[in-house]
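Just below is one structure, and these are the notes that go with it.
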Amino acid sequence: ADSLATAHGRAGVTCAQCHPLVKGKARVDDNETAPNAACVKCHGDLASLGAKTKEAINAHASHLGQIACTVCHRGHEASRAYCMNCHSFDLKIPFAAAPAQPAPARPKPAGKAKADRADVVVIGSGAAGMVAAITAHDAGARVVILEKQPITGGNSMLAAGGMNAAGTPQQARKGIQDSVETMREDTFKGGKGLGDPELVALLARESAASVAYLESLGADLSDVGRMGGASAARAHRPSGGAAVGAHIVGVLRAAAAKRKLDIRVNARVVRLLESKDGRITGVEVEGRHRGRYTLQAGAVVLAAGGFSSNPERVAKYQPAFKGMTSSNQPGATGDGLDLGAERGGELKDMAQIQIHPSVAAGSRILITEAVRGNGAILVNKEGRRFFNEIGTRDAVSQAILRQTGQSAFMVFDEGVHKSLKQIDGYFHLGLVKTGDTPEALAQVIGVPPQALRATLDAYNAAVDAKQDGEFNRPDLPRALRTPRFFAIEVKPGVHYTMGGLRIDPGTRVLAKDGKAIPGFFAAGEVTGGVHGANRLGGNSISETITFGRIAGRNAAAAARP
Ligand code: MEZ
């Protein structure tokens, strides 16, 4: 039996080279800073390793950005590529299956004796948490971010299609007619009237300022596309149509690093601390190495995300979604909801769970709605269109589930491919089938060739006439005539949980009696009320930035009145 640590030992690397002693003791650090620095010193950083890697799937240059070596390469236990949480490639990683050597005695947990203090503790490091932390820091608060996963970014890291905002300079430059009122109406209507009207209005009103805020941190949100259920193109994303999430998370990581924010990964919050009079006063944490410790705080912001990666909880609220794949990162299990509910926070709309129409069949890989937004159509196994492709997600998903095999082919041409950089990634992952003609594509995917040809001819005629008589698709951005032709088989997958903790427009968490719980704020998917019964594509990142900013500002004020 061998492990990375024993192999290093054989090569003459001493324990102290990876675990240097500080005043004669090994430093207990959930971020594993020293072993990671040692990896980089000997092997180079991720960027240089990425440049050297020859394999087609280059785990050292992934969409997860600059993550620590020890996320995948474990010293005293079996290694595992983090990518494998979602992907199923045949990635070779040294010491993957080798049973680990008995680990050297673990340093004793520091325990409660060594309690920390911060002004604001933020739980979760997706966009909502990062923005709340950066905002609170900029307002003068001492902030700690706690993240249970070994990497930062949460689900925001995987966001693809864009960030909705109305009334932006980007829209004006492209001549797009939109308004805050239209975004408000679309969002409320998309959520079937179940959304909290004040929160919906706030989302729309602040959306352009949130885009400007991200730009002030260095984000590129110059491309604008249209998403399902939106009356106008308002999904902002990087130029060329690159994925919005990885870009924004990179920008937020850099902004946090510039401010030297105290970010602790591998640090799971197990309990919110409460004073006798019901104020939230901090958290109890279980660190991977540090063990249990407490962190007192003037205010806590919960930004721990939703529960789409918790199949049991999804099935409890929506038995019909039992066994469905999910597009979410593995940490989206809903622990934050439990933390908040245990302290009296009211949960609302918990049964409102969104399935996204297009997850690549047999995988967890989301095929962004932006592909349809930029012109792709959905075709069934009989080679026919069956629905308005840019309808709301609930409606499109249900339409797919009614088709043979409960799946559909997303069909597009080179014109759509060229319009959206993200599509390159689907080719890279081997998800795209190709044909020089519609008939050739039909042969490859096993649908009747004449039917697919007729479907494309009818669709192109509708685009020319600017009128989709058959399915009433409101936006027909381009005809599908430019060879080659492509298809990705898609099925609905659990994507977003609309329910969560009830908050007021100041992001204060509300108890069942409608009163705010002092010192307790929440933002992002862990909250309920913004999206009602169905979230529109592009509204999630918008929500995380807008409500993250408010939470950070108000938490800092509450902590340092
Ligand atoms: O907001 C989303 O969930 C989104 C835009 C997803 C996508 O299809 O890209």
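Kindly provide the set of residues from segment 192-204 that are farther than 15 Å from Ser231 by Cβ, of a type in the set (Gly, Ala, Ser) and within 16 Å of the ligand (Cβ to nearest atom), ordered by number.
Gly195
Sort out for me the strands (runs of 3 or more DSSP E) sitting completely within segment 474-561 that have 1 or more residues that are within 16 Å of the ligand (Cβ to nearest atom). So that I can check it myself, show each step before the final result.
Values: elements: 485-497, 500-502, 508-510, 516-522.
Strands (runs of 3 or more DSSP E) meeting the threshold: 485-497, 500-502.
Mind checking which residues of segment 33-60 are assigned to a helix (DSSP H, G or I) and β-branched (Val, Ile, Thr)?
If the condition is that a residue be assigned to a helix (DSSP H, G or I) and β-branched (Val, Ile, Thr), then Thr33, Val40 are the ones that fit.
Which of the numbered conditions does Thr70 fail, given that it passes all the others? Conditions: (1) part of a loop (DSSP other than H, G, I, E, B); (2) in contact (Cβ under 8 Å) with a residue 60 or more places away in the chain; (3) within 22 Å of the chain's Cα centre (by Cα).
(1)
Find the helices (runs of 4 or more DSSP H) located wholly in segment 121-190 whose residues include 3 or more that are in contact (Cβ under 8 Å) with a residue 60 or more places away in the chain, surrounded by 23 or more Cβ atoms within 10 Å (Cβ to Cβ) and within 16 Å of the ligand (Cβ to nearest atom), and list them.
Working: elements: 127-138, 169-173, 180-190.
Of the helices (runs of 4 or more DSSP H) lying wholly inside segment 121-190, those with at least 3 residues that are in contact (Cβ under 8 Å) with a residue 60 or more places away in the chain, surrounded by 23 or more Cβ atoms within 10 Å (Cβ to Cβ) and within 16 Å of the ligand (Cβ to nearest atom) span 180-190.
Checking Phe387 against (1) in a helix (DSSP H, G or I); (2) open to solvent by 10 Å² or more (accessible area, probe 1.4 Å), which test does it fail?
Single failed check for Phe387: (1).
Which residues, counting only those in segment 372-384, are part of a loop (DSSP other than H, G, I, E, B) and within 13 Å of the ligand (Cβ to nearest atom)?
Here is the first cut: in segment 372-384, the ones part of a loop (DSSP other than H, G, I, E, B) are 374-376, 380-384.
Across segment 372-384, the qualifying residues are Asn374, Ala376.
Could you please let me know if Thr507 is of a type in the set (S, T, N, Q) and either closer than 19 Å to Gly245 by Cβ or open to solvent by 10 Å² or more (accessible area, probe 1.4 Å) (or both)?
Numbers: of a type in the set (S, T, N, Q): yes; either closer than 19 Å to Gly245 by Cβ or open to solvent by 10 Å² or more (accessible area, probe 1.4 Å) (or both): no.
For Thr507, the condition - of a type in the set (S, T, N, Q) and either closer than 19 Å to Gly245 by Cβ or open to solvent by 10 Å² or more (accessible area, probe 1.4 Å) (or both) - is not met.
Is it the case that some residue within segment 405-426 is away from the ligand (no atom under 16 Å from the Cβ), under 15 Å from Lys491 (Cα atoms) and in a helix (DSSP H, G or I)?
yes
Within segment 270-284, is even one residue among the hydrophobic types (A, V, I, L, M, F, W, C), within 24 Å of the chain's Cα centre (by Cα) and open to solvent by less than 20 Å² (accessible area, probe 1.4 Å)? Steps first, please.
Pass one, segment 270-284, residues among the hydrophobic types (A, V, I, L, M, F, W, C): 270, 272-273, 280, 283.
With the extra rule that they be within 24 Å of the chain's Cα centre (by Cα), the set shrinks to 270.
Add one more test, that the residue is open to solvent by less than 20 Å² (accessible area, probe 1.4 Å), and what stays is none.
Within segment 270-284, not a single residue is among the hydrophobic types (A, V, I, L, M, F, W, C), within 24 Å of the chain's Cα centre (by Cα) and open to solvent by less than 20 Å² (accessible area, probe 1.4 Å).
Select from segment 288-308 the residues that are in a strand (DSSP E or B) and among the polar types (S, T, N, Q) and write down the one among them that is surrounded by the most Cβ atoms within 10 Å (Cβ to Cβ). Spell out how you get there, then give the answer.
Going residue by residue through segment 288-308, those that are in a strand (DSSP E or B) are 291-302.
Checking the rest, the ones that are also among the polar types (S, T, N, Q) come to 294, 296.
On the way: Thr294: 19, Gln296: 14.
The selected residue is Thr294.
Scan segment 206-218 and give yes if some residue there is within 16 Å of the ligand (Cβ to nearest atom) and of a type outside the set (A, V, I, L, M), otherwise no. Explain how you work it out, then say what you get.
Applying the first criterion (within 16 Å of the ligand (Cβ to nearest atom)) to segment 206-218 yields 207, 210-211, 214.
From the residues that got through so far, the ones that are of a type outside the set (A, V, I, L, M) too are 207, 210.
Looking for residues that are within 16 Å of the ligand (Cβ to nearest atom) and of a type outside the set (A, V, I, L, M), one finds at least one in segment 206-218, hence yes.
Collect the residues in segment 340-371 that are part of a helix (DSSP H, G or I) and open to solvent by less than 10 Å² (accessible area, probe 1.4 Å), keeping them in residue-number order.
Quick first cut of segment 340-371, residues part of a helix (DSSP H, G or I) only: 340-342, 369-371.
Result: Gly340, Glu369, Ala370, Val371.
Of the numbered conditions (1) touching a strand residue (DSSP E or B) at 6+ places or on another chain (Cβ under 6 Å); (2) within 16 Å of the ligand (Cβ to nearest atom); (3) among the aliphatic types (A, V, I, L, M), Ala332 satisfies every one except a single condition; which is it?
Of everything listed in (1) touching a strand residue (DSSP E or B) at 6+ places or on another chain (Cβ under 6 Å); (2) within 16 Å of the ligand (Cβ to nearest atom); (3) among the aliphatic types (A, V, I, L, M), Ala332 misses just condition (1).
Any idea which of (1) closer than 27 Å to Ser397 by Cα; (2) of a type in the set (S, T, N, Q); (3) in contact (Cβ under 8 Å) with a residue 12 or more places away in the chain; (4) touching a helix residue (DSSP H, G or I) at 6+ places or on another chain (Cβ under 8 Å) is the one Gln443 doesn't satisfy?
(3)
Would you tally the residues in segment 241-262 being open to solvent by less than 40 Å² (accessible area, probe 1.4 Å) and away from the ligand (no atom under 16 Å from the Cβ)?
Residues flagged as open to solvent by less than 40 Å² (accessible area, probe 1.4 Å) and away from the ligand (no atom under 16 Å from the Cβ) within segment 241-262 amount to 6.
Quick one: in segment 402-429, of everything that is open to solvent by 40 Å² or more (accessible area, probe 1.4 Å) and on the phi < 0 side of the Ramachandran plot, which residue is farthest from the chain's Cα centre (by Cα)? Walk me through it before giving the result.
If we filter segment 402-429 for residues that are open to solvent by 40 Å² or more (accessible area, probe 1.4 Å), which is where we start, we get 402, 404-406, 418, 421, 424, 427-429.
Now narrow it down to the ones that are on the phi < 0 side of the Ramachandran plot: 402, 404, 418, 421, 424, 427-429.
Details: Arg402: 28, Thr404: 30, Lys418: 24, Lys421: 18, Asp424: 19, Phe427: 21, His428: 20, Leu429: 19 Å.
The extreme case among them is Thr404.
Is one or more of the residues making up segment 91-101 at pLDDT below 95, in a helix (DSSP H, G or I) and crowded, with 16+ Cβ neighbours inside 10 Å? So that I can check it myself, show each step before the final result.
Taking segment 91-101 as the starting set, the residues that turn out to be at pLDDT below 95 are 91-101.
From what's left, in a helix (DSSP H, G or I): none.
So far as segment 91-101 goes, no, none of its residues is at pLDDT below 95, in a helix (DSSP H, G or I) and crowded, with 16+ Cβ neighbours inside 10 Å.
The values are calculated or read from the model by the stated rules, or taken from the named source; none is laboratory data. Quick caveat: nothing in here was measured; it's all calculated off a predicted structure. Neighbour counts run over all protein chains shown; Cβ positions are idealised from the backbone, glycine included. To get the accessible areas, we keep the full protein, side chains included, count just its heavy atoms, and leave off ligands, DNA and RNA. Shrake-Rupley method; radii C 1.70, N 1.55, O 1.52, S 1.80 Å.
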